[in-house]
1. Which condition number in (1) without any contact (Cβ under 8 Å) to a residue 40 or more places away in the chain; (2) of a type outside the set (Lys, Arg); (3) in contact with a Cys (Cβ under 6 Å, 6 or more places away or on another chain) is the one that residue 382 fails?
2. Looking at 459, 432, 536, which is the one that is within 30 Å of residue 366 (Cβ to Cβ) and either at pLDDT 95 or above or in contact with a strand residue (DSSP E or B) (Cβ under 8 Å, 6 or more places away or on another chain) (or both)?
3. Consider only pairs whose beta carbons are under 6 Å apart and that are at least six residues apart or on different chains; among these, list those whose first residue lies in the stretch 94-111 and is among the small types (Gly, Ala, Ser) and whose second residue is modelled with pLDDT under 95 and buried (at least 21 other Cβ atoms within 10 Å of the Cβ).
4. Which residues, taken from the stretch 538-562, are over 26 Å from residue 329 (Cα atoms) and of a type in the set (Phe, Trp, Tyr)?
5. Applying the selection to the stretch 477-517, what residues are within 34 Å of the chain's Cα centre (by Cα) and charged (D, E, K, R)?
6. Residues that are of a type in the set (Phe, Trp, Tyr): list the helices (runs of 4 or more DSSP H) wholly contained in the stretch 289-384 that include at least 2 such residues.
7. Can you run down the residue pairs with Cβ atoms below 6 Å, 6 or more apart or on separate chains, where the first is in the stretch 420-440 and charged (D, E, K, R) and the partner is in a loop (DSSP other than H, G, I, E, B)?
8. Which pairs do you get when a residue that is in contact (Cβ under 8 Å) with a residue 60 or more places away in the chain, found in the stretch 223-248, comes within reach of a residue that is part of a loop (DSSP other than H, G, I, E, B), reach meaning Cβ atoms under 6 angstrom, with the pair 6+ apart or on two chains?
Amino acid sequence: MCRGTAIYGGGVGTGQGVRQLTRFLGVSALAGALAAGLAVPIAGFVGVGSKAVVDTLNTLPKPLNSRPADVGTRILAADGSLIANLYEENRVPVGLDKIAPVMRQAIIATEDSRFYQHGAIDLQGTLRALIRNHAEGTQEGGSSITQQYVKLTLLEDARTPAEQRAATAPTYQRKLLELRYAIAVEQQQSKDQILDGYLNLANFGDGAYGVQAAAQHYFGVNAANLSVPQAAMLAGLVRNPSGYDPVYHPAAATDRRATVIQRMLQLGSISVAEANSALRSPVIDLSRMHLVPNGCGNSVYPFYCEYVASKLLANRALGDTVQARDRYLKTGGLTIRTSLDPRIQAAAQKSIDEQSRPNDSTVAAITVVQPGTGLVKAMVQSKPYGEGRHQTAYNYNVEKSYAGGYGGFQNGSTMKAFTIAAAIQQGIPIDYKIDSPKQIDLSMVPYRTCKGWTRDQNYQPKNSTKSGNFTMVDAARYSVNTYFLQLSRKTGLCSIATIAGKLGMYNAQTLGPLDQVVSMTLGVGYVTPLMLSNAYATFAARGVYCQPLLITSIRDENGKYLSTPSQSCKQVLEPWVADGVNRVLSAVMQPGGTGGHLKFGSWDLAGKTGTINQNLAVWFSGYTPDLAAAAVVADATPPYQNLIGQTLDGQSISDPTGSGTAGPLWEAAMQGALEGLPHDHFTRPPSRVLGSLGP
């Protein structure tokens, strides 16, 4: 009676009294409905939208979506090591048997102490919350764990902003809908299953969803090994993850943890000694916190990772639209295995680190590919990933097929390898001689193309090395321009372009075919280290071309393999043609050749240098039967300038060449990459290819 006097007497105005009486009657009616189990028609709700409430209560909810909770994707290297996590919610689902009993006790103690005793609804708690909310206009809890599980599930299933607002709307209709769902859930699932689902869905703050991710994030332990103070801290977080954040609000987190510990003690979940010990322990040890990096930008291999992600976003097996694929990648719990070999990647990165600097005015890049498989083993560059000074978001190894792809550089004389292949294919032996003067006038000289003829009105190219009457082998050894310009006229540009196309060469900027111009054999268009290394890998594989392969498998969270482009290899050159190219390009690595000083060990090595006009870029591309790599040093900042006077490894470049500038990068990377691999040998070409150079 005293409380009644305090509420309704003591100078309260008539209008206020009527409003409070109306609220009281409304809550009483709602309490009656709840007590009846929410299964009968209800009318007469005062001031709470009675018709909407009745409709909600009389309509059985649809079954909750059984779609698994959002789980991030892991991108792995070939050896299973982690490259990156991609997620919207950092979550690692675990079964209830993998969650420490003290964690279950802590969450029950603080959120729903009678969880195992009541049904879907804790009537006492719900009525207490409804009365307080109605009387004071506040929003107090009172939901059972089952109700919270329903709310989390509905929110997890919400895809649009409108659906998300509906799942969190502060209305009685939404609350009552959740209650009906809770009844349905309790009929379909056991208490342990509900608790398991709740602990795997709950938001524990700081990007950690589910108790396993939270245990790893805050304490560096698995959920199965949580201690009393750790479990109490996590249980306290779910009510207000940001407000009780132990990093930014340690005092509030400590007080909240103490509340949970005291409640656990009251319920007999822990002893007095355990409670006192837990209260004395620090709420968080920052040195033990484990951050789970998200996205390719936080990967140890960010450029490789982003290129892989671009391929995944193009895979229709992951969704009908790019947006759908992107979401599936971040929520589908996929495990993606890639071709990257950390050992080979480390060897290539070491070469870059020891021979270039991020603040160089030039950029250096290397890609390593495995012949006969197309597996991309390594991809490195001198500019680190980022938006800061001397950083970049461009991947200088790949084509311009996505936002981060730079789109390559002209390849210079590395193009001569395809002219050699065209000549051998047409029956021209590698001892074929051509008088190759210092300079040659090719102005208006016609060259055959696939569509007719082309000419250059004023073209008088020169040699940058030796001149004379050379065989194909010696012309390649010294990279004699006037020899290969004359040889390409004899073969025709169409055959060169056709072979290059079959070996995966195209314009990395436009993604179209290479231009058939008079100077094609000296470099054309824009190509990438990935493209060039893989093309040369075709020679190493005796004419078997394989499309570059980065993603070797995709598994969903149930272990089912999803469709992904698989290894695609085909014979595009006769083996004897490739053998002939290998013989010619091996001469480049012999004493006196442009790559002679790059030969190491007893490996069978073949390669070719490349320097483009105005020295804007220099290349070295080479291979063994087991690995192929291409290295480039270039100016990648418009307006592009001559490399002379620019810096590499902090030193001014005085004489940029494929062998002297890019070559050492290739050599160090390949030497490290080949360590431990067998010393396989190239196949000797037939006598008709060798000509007088044969036995």
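The values are calculated or read from the model by the stated rules, or taken from the named source; none is laboratory data. All figures in this text were calculated on a predicted structure; none of them were measured in a lab. Cβ sites come from the backbone with ideal geometry, for glycine too, and all protein chains shown count toward neighbours.
1. (3)
2. 536
3. none
4. Those that are over 26 Å from residue 329 (Cα atoms) and of a type in the set (Phe, Trp, Tyr): 539, 545.
5. Listed by number, the residues that qualify are 502, 515.
6. 302-313
7. 431/471; 433/471; 438/463; 438/467
8. Listed by first residue and then by second, the contacts come to 223/94; 223/99; 224/100; 226/100; 228/270; 234/204; 236/244; 238/202.
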